[in-house]
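Scroll down for the structure; my scribbles are underneath it.
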Amino acid sequence: MAAHRSLLVLLPLLSLLLRNAAAITLSSRLIHRFSDEAKALKASRSTGDAKWLGRWPRRNSMDYYHLLANTDFQRQKMKLGTSRHQFQFLFPSEGSNTASFGNDFGWLHYTWIDIGTPNVSFLVALDTGSDLLWVPCDCLQCAPLSATHYSTLDRDLNEYSPSGSNTSKHVSCSHELCTAGPNCKAPKQPCPYTIEYFSENTSSSGLLVEDILHLVAGGNGVSNNSIQAPVIIGCGMKQSGGYLDGIAPDGLMGLGLGEVSVPSFLAKAGLIINSFSMCVDEEGSGRIFFGDQGPNTQQSTSFLPSNGNYETYIVGVEACCIGNSCLKQTSFRALVDTGTSFTFLPEEVYDKIAVEFDKRVNATITSYEGSPWKYCYNTSPQDLLKVPSVTLMFLANNSFVVHDPVFPIYDNQGVVGICLAIQPADGDIGTIGQNFMTGYRTVFDRENMKLGWSRSKCQDLGDAKSMPLTPSPKGTPPIPLPTTEQQSTPGGFAPAVAGRAPPKASAASSRPRFCLLRWLALLVLFCIVIIF
């Protein structure tokens with residue numbers, strides 16, 4: 001009963017306080033951390049050795065300003081996020097360089113990487129259109145790995161085996177990154193994977209394994225430290241399609257936005273900023289750097305979501321220009337994909353660009369029966385060709401200029417023709433392939449969801465000169481695109497189209513599919529026509 005009476009008294013008081021809450025003002029006194037008051041307060045609370053009192057910075061002294069500036073620097077580092085990342089750059093332990101090995105390997109770009117303990121080397125294709133890193137492993141159906149099958153190699157390719165690595169362990173079906181989990185018979189069962197690619201009937205399948213990827217750290221104040229980064233790897237027991245014919249015979253490194261990609265693992269572990277760059281020069285060689293966000297002077301454009309999610313590197317092109325003439329109604333979306341050799345544009349955009357290009361090139365158009373290239377031209381080594389540039393315009397007047405949007409056709413006498421290195425695509429999404437990235441340092445800034453680019457010879461990246469480089473076996477090919485001789489060699493095939501295949505429901509609107517065998521037949525016929 002007494003408690004009830006107390007409550008009746010407290011309620012009016014509480015009501016009065018709430019009504020007058022706006023009128024209540026709370027205040028506190030601010031004290032500078034290096035003031036005499038702060039020193040006195042610190043001394044009153046100290047119960048241990050007080051020798052530090054003699055080192056208290058005198059106001060307006062050099063020590064005083066030094067301590068203030070040091071605190072400011074620490075706050076700036078926190079704002080910039082550098083304290084979250086251990087290294088400025090990471091690159092494969094075999095070196096940062098990449099290379100195209102020509103017709104032997106489908107004109108894709110490759111780099112050597114080391115996996116496992118003891119480490120084993122693999123020559124993997126670099127593909128921003130897919131996520132998983134896989135290598136041939138405990139093979140049931142793999143491409144030939146002997147150097148005798150490839151004219152550009154001077155050493156055999158390797159096969160991975162989880163049982164041969166002290167640091168490997170199978171990924172179970174209960175793992176959060178095991179997409180096949182619902183189809184597993186038991187949670188502890190090793191996680192199977194199957195990934196299909198855009199080249200028709202091309203796939204890799206096997207089991208997921210966790211192991212060590214060997215990297216080297218570089219950057220300001222870092223002396224090439226060796227880093228062992230845990231990643232998930234596809235133990236590729238069975239390959240099909242183009243992967244049996246010479247495309248990525250020793251594996252493929254997916255660099256996409258998925259959680260299972262190498263950049264995702266490195267960023268999640270706090271090793272680097274969530275970004276990487278690739279550079280390709282006119283001779284077919286280049287560099288890859290994890291953690292690189294590019295120079296401040298680079299141009300950039302934002303990635304676009306697909307179906308509400310950021311799943312692939314899609315950008316929005318506002319307009320296309322040929323030379324100094326910008327064409328109307330040439331906007332489109334495109335996937336930026338290092339796993340595609342050439343560039344594919346929506347058919348309506350392609351037609352407008354090709355017609356305008358044809359008007360401006362000073363050469364005679366020709367055709368080769370069975371060739372997939374519609375806009376080809378006769379030329380000779382003596383001709384002074386005037387080839388117009390192709391420019392992709394983005395928001396805020398950012399422009400991506402392709403100064404040489406053609407590839408040459410050679411015979412024993414030299415250049416006999418050129419072809420516009422663009423193809424029409426099915427659907428409304430195009431693909432910006434490797435040929436458009438030549439001469440650029442292309443940055444995939446996943447932290448800010450932006451694509452960056454700047455002109456580069458691929459030798460001027462920050463700290464590149466101090467980083468170890470591994471020369472490509474037998475050097476890089478002097479001609480970065482097909483010759484008639486190379487195309488007609490046994491086992492020759494069309495430029496590759498890697499990249500993860502979209503779900504069947506969205507295949508028409510995601511990216512074109514191409515039949516590798518049909519391209520093979522067309523290009524072989526193309527070579528026969530030129531030879532005869």
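Would you confirm, using the coordinates I've provided, whether I353 is under 18 Å from Y377 (Cα atoms), in the same structural domain as Y440 (by the TED database), hydrophobic (A, V, I, L, M, F, W, C) and in a strand (DSSP E or B)? For I353, the condition - under 18 Å from Y377 (Cα atoms), in the same structural domain as Y440 (by the TED database), hydrophobic (A, V, I, L, M, F, W, C) and in a strand (DSSP E or B) - is not met. The set of residues from region 301-316 being part of a strand (DSSP E or B) and either of a type in the set (D, E, K, R) or crowded, with 19+ Cβ neighbours inside 10 Å (or both) comprises T301, I314, V315. Against the definition (touching a residue at least 60 places away in the same chain (Cβ under 8 Å) and either more than 17 Å from L126 (Cβ to Cβ) or of a type in the set (D, E) (or both)), how does S240 come out, yes or no? In short, yes. Quick check on D281: is it within 21 Å of the chain's Cα centre (by Cα), at pLDDT below 95 and open to solvent by 10 Å² or more (accessible area, probe 1.4 Å)? Taking the combined requirement at face value, the residue satisfies it. For Y150, indicate whether it is out of contact with any strand residue (DSSP E or B) (no Cβ under 9 Å at 6 or more places or on another chain), open to solvent by less than 20 Å² (accessible area, probe 1.4 Å) and either without any contact (Cβ under 8 Å) to a residue 24 or more places away in the chain or not β-branched (V, I, T) (or both). Criteria met by Y150. Every condition in (1) open to solvent by 60 Å² or more (accessible area, probe 1.4 Å); (2) touching a Lys or Arg at 6+ places or on another chain (Cβ under 7 Å) holds for E196 except the one numbered (2). Has region 209-220 got any residue that is over 28 Å from F101 (Cα atoms), part of a loop (DSSP other than H, G, I, E, B), touching a residue at least 12 places away in the same chain (Cβ under 8 Å) and not β-branched (V, I, T)? Taking every residue of region 209-220 in turn, at least one turns out to be over 28 Å from F101 (Cα atoms), part of a loop (DSSP other than H, G, I, E, B), touching a residue at least 12 places away in the same chain (Cβ under 8 Å) and not β-branched (V, I, T).
Conditions: (1) within 26 Å of the chain's Cα centre (by Cα); (2) farther than 30 Å from V260 by Cα. T364 meets all but one. Number of the miss? All conditions pass for T364, except number (1). Of the residues making up region 330-350, those that are modelled with pLDDT under 95 and in a loop (DSSP other than H, G, I, E, B) are D337, T338, G339, S341, F342. Restricting attention to region 115-165 and to residues that are among the charged types (D, E, K, R) and in a loop (DSSP other than H, G, I, E, B), the residue that is modelled with the lowest pLDDT turns out to be D154. In region 388-409 there is no residue matching the filter, namely being of a type outside the set (D, E), closer than 22 Å to W107 by Cβ, open to solvent by 10 Å² or more (accessible area, probe 1.4 Å) and touching an Asp or Glu at 6+ places or on another chain (Cβ under 7 Å). Note on region 111-141: residues that are surrounded by fewer than 24 Cβ atoms within 10 Å (Cβ to Cβ) and among the hydroxyl-bearing types (S, T, Y) amount to 2. Annotation: of all residues in region 433-451 being aliphatic (A, V, I, L, M) and modelled with pLDDT of 95 or more, the one that is farthest from the chain's Cα centre (by Cα) is M449.
The values are calculated or read from the model by the stated rules, or taken from the named source; none is laboratory data. The structure presented is a predicted model; accordingly, all values stated were derived computationally and were not measured. Heads up, the Cβs are rebuilt from the backbone with ideal geometry, glycines too, and the neighbour counts pull from every protein chain shown. Note: accessible area is taken over every heavy atom of the protein model, side chains too, but ligands, DNA and RNA are not part of it. Shrake-Rupley method; radii C 1.70, N 1.55, O 1.52, S 1.80 Å.
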